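Each remark here refers to the structure printed beneath this line.
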Amino acid sequence: MTSQWDASKYLTTSNVKEMKLKIGNDEFAVKVRNLSWSKKNQLVSQCIKWDSSGNTSFDGDSYVKECLKYMIVEAPWGPTTEVFLTQISSEFGAALEALVPKAFSQSQISVEEIKKDFGAS
């Protein structure tokens, strides 16, 4: 008996989740939305710069800021803006950065594993 494939297991939802952040003795909540695969790729692409020789560089600072501005939908400080993010301390920035997915993380499944699973060689 074959079970029906459930795509909903692999879709991000528009649901917002509350995350607790702790900085020193302070603890506060922020409401964060999911970052879809497509939105993450869009932000990564925006932060890659090409020079006239065809070399690329990645602006990690912009990537983290753009992710935070998109992801944080409610916070005690109000809107998460460029100005706000340029004024926060390193400790506070590190706590917020922990919310952001890595820009270039390794896939958990290798191409070889996918081929093997589907009987390809």
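The values are calculated or read from the model by the stated rules, or taken from the named source; none is laboratory data. This one's a predicted model, so the numbers in the text were calculated from it and none came from an experiment. All Cβ positions, even for glycine, are placed from backbone atoms using ideal geometry, and neighbour counts span all protein chains on display.
Here is a check on your reading of the model: is Ser38 within 25 Å of Ser14 (Cβ to Cβ), among the polar types (S, T, N, Q) and at pLDDT 95 or above?
no
Given (1) of a type outside the set (Asp, Glu); (2) loosely packed, with under 11 Cβ neighbours inside 10 Å; (3) modelled with pLDDT under 95, identify the lone condition not met by Pro76.
(3)
Of the conditions (1) among the hydroxyl-bearing types (Ser, Thr, Tyr); (2) under 19 Å from the mean Cα position of the chain (by Cα); (3) modelled with pLDDT under 95, Ser121 fails just one. Which one is it?
Evaluating Ser121 over (1) among the hydroxyl-bearing types (Ser, Thr, Tyr); (2) under 19 Å from the mean Cα position of the chain (by Cα); (3) modelled with pLDDT under 95 leaves (2) as the failure.
For the stretch 58-73, enumerate the residues that are surrounded by fewer than 14 Cβ atoms within 10 Å (Cβ to Cβ) and farther than 19 Å from Ser105 by Cβ.
Val73
Restricting attention to the stretch 81-90, does a residue exist that is within 28 Å of Ser8 (Cα to Cα), modelled with pLDDT of 95 or more and not charged (D, E, K, R)?
The answer is no, given that none of the residues of the stretch 81-90 is within 28 Å of Ser8 (Cα to Cα), modelled with pLDDT of 95 or more and not charged (D, E, K, R).
Check every one of the helices (runs of 4 or more DSSP H) wholly within the stretch 15-91 and list those with 3 or more residues that are free of Cβ contacts under 8 Å to residues at least 12 places away in the same chain and more than 18 Å from the chain's Cα centre (by Cα).
The qualifying helices (runs of 4 or more DSSP H) are 82-87.
Kindly provide the set of residues from the stretch 1-17 that are closer than 14 Å to Val73 by Cβ and either of a type in the set (Lys, Arg) or modelled with pLDDT of 80 or more (or both), ordered by number.
Asn15, Val16, Lys17
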